[in-house]
Amino acid sequence: MRQPTRTIADVTPETFQAPCPNCGAKPMVIAVAKPALSRPLLLVVDDEPQVLKVVERLAAKAGFDVVACASGEDAMRTLLRKPADLAMIDLRMPDVNGLDLLRQIRTTVPGCEVILMTAYAAVDSAVEAIKLGAREYLTKPFDFDRLKQVLEDIRTELDRRAQVIALESQMARQLEFCGMLGRSAAMQEVFSLIQRLAPHAKVVLVGGETGTGKELAARAFHYAGSRRNRPFVTINCSAVVDTLFESELFGHVRGAFTGAVDSKPGMFEAAHGGTLFLDEIGELPLSVQAKLLRALENGEVQRVGSPQPKRVDVTVIAATNRDLRAEVAAGRFRGDLFYRLNVVEVILPALRDRREDIPYLTAAFMRDCAARMGKPIHGLTAPAERLLLGARWEGNVRELKNVVERACMLADGTLLSERELAGAFGPDAAQSFRPGSTSPSPRAARATAGETTAPLDEMERGHILDVLRQMNGNRMAAAKVLGISRRALYRRLERHQLEDEAPRRTRE
């Protein structure tokens with residue numbers, strides 16, 4: 001008996017701790033895939049029982065689990081509960097047109113392949129089906145050899161797609177360097193520079209736009225050097241009140257100022273023997289810059305209110321998204337401090353300048369989100385990949401991470417689609433992120449063309465209203481009956497403009 005095939009879609013994420021493969025330093029959490037024995041799901045929709053039996057038998061031999069539905073309404077409820085990998089739908093059914101059901105599937109489960117079946121083959125319906133994204137157009141009675149070959153080809157393609165996704169995820173782990181990730185030449189040069197300089201550098205300046213990962217680069221310097229087992233202390237210079245900067249950096253003694261009821265060591269002392277990371281160094285007040293310069297030059301700090309200096313052994317890494325040369329020219333930053341900090345300078349590239357890293361970064365972020373949220377998300381649809389690759393990414397890697405995380409929260413299936421990513425970008429933002437794009441959104445294009453609401457949309461709308469009435473407006477109970485999350489129910493209420501029409505509980 002043939003054993004069920006394992007695919008990346010059939011895994012449950014779990015995590016383990018492993019040392020960085022490049023520097024062997026501090027353990028980092030890595031998500032891995034735990035195999036589970038399950039098979040891709042085929043949804044077959046036809047009002048003829050004999051057709052359902054034939055397709056179910058052939059599909060099972062091709063390696064699919066099969067759910068049979070005799071009506072479009074039944075298929076809609078099934079899709080709401082569990083997304084399918086492949087759907088075979090009849091063109092003509094009593095309650096719905098197969099093309100309308102095809103549109104609904106493309107909207108609800110963008111990663112689902114669709115085969116249209118009909119005993120009334122016509123060129124216009126075949127052309128329309130292909131335009132809507134159908135994979136095949138089969139005539140009844142079936143050519144069994146062709147049907148078997150189509151199912152086997154799609155199953156092979158699903159397996160191949162799963163292998164690609166698994167390889168991207170594996171490659172993302174292999175490309176990781178002390179918490180950073182990049183395959184591009186620009187990032188590989190950064191990694192090489194850090195590896196060569198980390199054992200020797202005592203003062204480092206890290207530059208780059210907001211969200212490029214400057215703190216990760218600072219940590220990479222720390223963990224790739226000889227101080228990896230010593231403290232790594234961080235201070236955000238933009239988050240400290242001006243009057244407290246000196247105390248925060250160098251400490252104070254009891255009674256040095258009002259409120260100093262106890263002596264307190266500063267960040268330099270806390271980082272003794274290790275690394276002090278000064279984030280947003282450009283925000284440091286001029287009054288403190290001279291004392292920082294002295295600490296860097298002499299390796300000594302002096303607590304506020306104390307006459308005695310104290311020796312410290314600290315590697316200092318400063319980071320900024322400002323042009324410090326311009327700040328020096330404008331008189332807002334000391335030139336001597338800038339040149340003291342600029343012994344070793346590392347500039348992190350913007351994400352738009354290393355777009356080849358986006359698939360691997362996305363795979364790593366999705367892997368992490370799937371593990372934390374307990375969702376079987378394992379990849380992107382092709383339009384979603386194009387959207388990510390074409391976005392401007394003004395917020396760089398941090399923005400990409402946030403977009404992927406929000407999209408994972410919105411996702412109901414195993415693939416992130418353009419719809420979830422557009423929702424994560426915000427209203428109408430996804431369109432503006434495509435360079436040079438002037439085409440209207442799909443919804444706007446349909447409205448301009450005068451397309452009417454699909455009958456299946458009306459069926460879904462009516463079904464949701466019926467369930468809400470039966471549950472006396474209780475959204476949580478209705479979501480359970482529908483087999484979807486409460487969040488997904490609210491999204492469907494919004495899509496069908498039912499927020500005002502749908503009944504509500506007196507207290508919700």
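The residue list V261, A290, A185 was ranked by how far each Cα lies along the charge dipole of the stretch 181-292 toward its positive end, using unit charges on Cβ atoms, and A185 comes out on top. Only protein atoms count toward the accessible area here, which uses a 1.4 Å probe; on the stretch 41-198, the carbon and sulfur part of that area reaches 51 percent.
Using bins of 10 Å that start at zero, the share of Cα-Cα pairs per bin across the stretch 201-281 amounts to 16, 43, 29, 11, 0, in whole %. Over the stretch 33-134, accessible surface divided per residue gives 41 Å², non-protein components excluded, 1.4 Å probe.
Measuring against 28 Å, Cα to Cα, the residue pairs K264/K401; K61/K480; K61/K140; K401/K480 contain K264/K401; K61/K480; K401/K480 as the ones spanning a longer distance. For the stretch 49-139, the convex hull drawn through the C-alpha positions has a volume of 90 cubic angstrom per residue.
3J(HN,Hα) along the stretch 277-294: 9, 9, 7, 6, 4, x, 8, 5, x, 4, 5, 8, 4, 5, 6, 5, 4, 4 Hz, from the Karplus curve 6.51 cos²θ - 1.76 cosθ + 1.60 with θ = phi - 60°, whole Hz, x for Gly and Pro. Near the amide H of L380, within less than 5 Å, lie the amide hydrogens of L416, all on another chain or at least 5 residues away, with H placed in the peptide plane. Computed log10 I(q)/I(0) for the stretch 320-376 at 0.27, 0.29 Å⁻¹: -1.05, -1.11, from the Debye equation with unit scatterers placed on every C-alpha and solvent omitted. The orientation-averaged projected area of the convex hull spanned by the Cα atoms of the stretch 153-307 comes to 13.0 nm². Looking only at the stretch 322-341, which residues have a backbone nitrogen under 14 Å from a spot 7 Å from the Cα of L286 in the C-beta direction? Backbone N within reach: 327-337. For T210, no residue whose modelled amide H falls within less than 5 Å of its own remains once neighbours fewer than 5 places apart on the same chain are excluded. Convex hull volume of the Cα atoms of the stretch 237-326, normalised per residue: 96 Å³. Taking 7 Å along the Cα-to-C-beta vector as the label spot, tell me the M476-K202 distance in nanometres, rounded to one decimal. It is 6.2 nm. By accessible area, using a 1.4 Å probe on protein heavy atoms only, the stretch 243-347 has 49% of its surface on carbon and sulfur.
The stretch between A326 and D242 holds 28.0 nm of extra length on full extension. This uses 0.36 nm per residue minus the Cα-Cα distance. Close amide H partners of M88, meaning residues 5 or more places away or on another chain with modelled amide H under 5 Å apart, are L43, V44, V45, I115.
Backbone phi angles across the stretch 124-131, fed through the Karplus curve with coefficients 6.51, -1.76 and 1.60 (θ = phi - 60°), yield HN-Hα couplings of 5, 5, 5, 4, 5, 4, 5, 4 Hz in residue order; Gly and Pro are listed as x. For the stretch 248-390, the ratio of Cα radius of gyration to the globular rule of thumb 2.2 N^0.38 Å stands at 1.51. Given the stretch 107-209, what whole percent of its Cα pairs are spread farther than 15 Å? Counting pairs separated by more than 15 Å, the tail of P(r) holds 77 percent. Derived scalar couplings between HN and Hα for the stretch 68-77 equal 9, 10, 9, 8, x, 5, 5, 5, 4, 5 Hz in order, rounded to whole Hz, by the Karplus curve 6.51 cos²θ - 1.76 cosθ + 1.60 (θ = phi - 60°), x for Gly and Pro.
The values are calculated or read from the model by the stated rules, or taken from the named source; none is laboratory data. Nothing here was measured: the structure is a model prediction, and the numbers come from that model. We place every Cβ from the backbone using ideal geometry, glycine too, and count neighbours over all the protein chains shown. All accessible areas refer to the heavy atoms of the entire protein, side chains included, with ligands and DNA or RNA removed. Shrake-Rupley method; radii C 1.70, N 1.55, O 1.52, S 1.80 Å.
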